[in-house]
Structure formats: structure tokens, C-alpha cells
Amino acid sequence: MTDRLVNDKPNKYSAYNAFGTQPLLQNQIFLKLLRLLSMNKSRSGVVDPHGANHMDNDHPTVAETETKFLYHSPIAKSSSRLHMLDIYTVGIFAGYFLVPSLNYLLLPCVFSLIVLPRRWVIMRNFCWHAKLVPSTEEVWLYKSGPGGVNVIVPVKCSALEKVDRSAITNELLWTFNIFDDKLIFRDQETNEFFVFDKQGVWNEDTLKHPLIY
């Protein structure tokens with residue numbers, strides 16, 4: 001007589017058990033939301049200023065030989081990962097409101113609300129990469145958008161002006177000691193601000209280009 005494997009006690013920490021016993025994980029609306037968020041996260045791309053989306057390793061429409069490296073921040077990757085937390089924030093809030101009895105989600109919800117204003121002010125202003133495009137007389141400034149998507153903001157060289165720290169009224173940005181409050185630029189056409197990393201690497205050759213010197 002051969003021995004028979006008995007598995008009468010399921011592992012309560014297994015995914016099989018969780019999906020079978022947790023009401024939230026059986027909710028079709030919540031599952032569709034997770035599926036949508038995971039699809040967006042799986043393609044963390046770069047938004048081309050000419051309208052097309054590209055993966056992080058792809059190049060925008062202008063050929064790479066036509067661009068000149070200008071600036072890069074050592075915290076570029078961590079900045080994008082920080083804004084990926086927006087995806088989890090939406091999931092936590094959705095879970096709590098769909099199933100209010102899940103009280104263990106209340107603390108993460110409160111914590112998300114506390115840090116959200118700081119994340120948003122960084123997302124609006126922090127530039128972690130820049131290129132000069134002489135053929136179009138533009139500077140391409142890279143920022144992180146909602147969900148960690150990288151966005152290229154093209155600005156005409158003639159429209160880019162240096163401003164004082166007082167131009168940014170939200171003081172939350174300066175609670176981080178990594179941003180240079182003496183190196184702030186503004187797009188005169190859109191009034192969008194660009195703040196840079198104190199430890200950022202600048203290309204001296206590109207800085208001497210006639211378009212921006």
C-alpha cells in the first residue's frame with residue numbers, strides 16, 4: 001500500500017487561500033482595477049513630445065546623434081520608482097472603500113495621504129535628465145509623471161529663463177535637501193518650473209553651446 005499525500009490544512013498565507021477566502025480579492029471591480037494598473041505599470045515608458053510613446057531604452061523621434069547630453073541626476077531611477085507608489089496608493093484606497101471592513105488598510109491610506117503632497121510637488125518640478133536638441137533649438141527636460149511614467153518636456157531655448165527660489169511658492173519642495181534652490185528654471189510660455197539635483201552631473205561642453213550659453 002502506497003502512502004498518500006494529505007493536504008487537509010491549507011496554508012493560510014498562500015495566494016490560493018487568499019483568493020478563495022478574502023472578499024476583496026473576489027470582487028470583480030477590484031480585480032479589473034488591479035489588472036488595469038498592472039498594464040500601465042508594465043509599460044513605464046517615455047512620453048515623446050511629438051506624440052508617440054517609447055520605452056525607457058528607446059529614443060524619441062529626433063535621432064540620438066542630433067541631441068547633446070546636458071544633465072543627469074544620480075537619483076533618476078529612484079525618482080521614477082517613487083512615483084510608481086501612486087499605483088499602489090490607488091489600489092489601497094480602492095480596497096478600503098470597496099470593503100470597509102478591511103481595517104488593516106486604514107493605516108496605509110492615512111500614510112498615503114500624508115506623503116502625497118510631497119510626492120506631487122516633486123513630480124511637478126523635479127527634472128532628472130536633460131538634453132539639448134540643436135536642430136529644433138529646444139532643451140528636452142525629463143520628469144517623472146503619475147505611476148512612474150517618464151515624460152519629456154520640450155522647451156524652446158529662448159523661452160527658458162532662470163528664476164529665484166521665491167518663484168516656487170510651495171515650500172514642501174525645499175524640505176528635501178537634494179534640490180538646488182539656486183538653479184531653478186521656468187518655461188516662459190507655459191510657466192512650468194524645473195528644479196535640479198544638487199549632485200547632478202552637467203556636461204560642460206553642452207553648457208557652452210551658443211543656444212544656451
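Could you work out how much longer the chain between Glu137 and Asn191 gets when fully extended? Use 0.36 nm per residue separation minus the Cα distance between them, nm to one decimal. Walk me through the intermediate numbers first.
Values: separation 54, 0.36 × 54 = 19.44 nm, distance 1.87 nm.
Gain in length upon complete extension: 17.6 nm.
Please work out how much length the chain gains when fully extended from Arg81 to Lys156, using 0.36 nm per residue of separation minus the C-alpha to C-alpha distance, in nm with one decimal.
Working: separation 75, 0.36 × 75 = 27.00 nm, distance 2.85 nm.
Here the segment from Arg81 to Lys156 would lengthen by 24.1 nm.
FRET efficiency for Phe93 and Leu172, Cβ-Cβ distance as r, R0 = 25 Å, nearest 0.05? Intermediate values should be presented prior to the final figure.
Numbers: r = 21 Å, r/R0 = 0.85.
Given R0 = 25 Å and the Cβ-Cβ separation, E is 0.75.
Step through the residues of the range 144-154 one at a time and calculate ³J(HN,Hα) from phi using the Karplus curve (6.51 cos²θ - 1.76 cosθ + 1.60, θ = phi - 60°), rounding each to whole Hz and writing x for Gly and Pro.
9, x, x, x, x, 6, 7, 10, 9, 10, x
Rounded to the nearest 0.05, what FRET efficiency is calculated for Ile212 and Arg118 with R0 set to 35 Å and r the Cβ-Cβ distance? It would help to have the intermediate numbers written out before the result.
Details: r = 30 Å, r/R0 = 0.87.
In this case the efficiency is close to 0.70.
Just to verify a number: FRET efficiency for Lys182 and Phe111, C-beta to C-beta distance, R0 = 41 Å, to 0.05? Provide the component values of the computation, followed by the final result.
Details: r = 33 Å, r/R0 = 0.79.
Computed FRET efficiency for Lys182 and Phe111 comes out at 0.80.
FYI, it's all coordinate maths here, none of it is from the lab. Only a predicted model underlies this, so the values are computations on that prediction, with no experimental measurement involved. Positions of Cβ are backbone-derived with ideal geometry, glycine not excepted, and every protein chain shown enters the neighbour counts.
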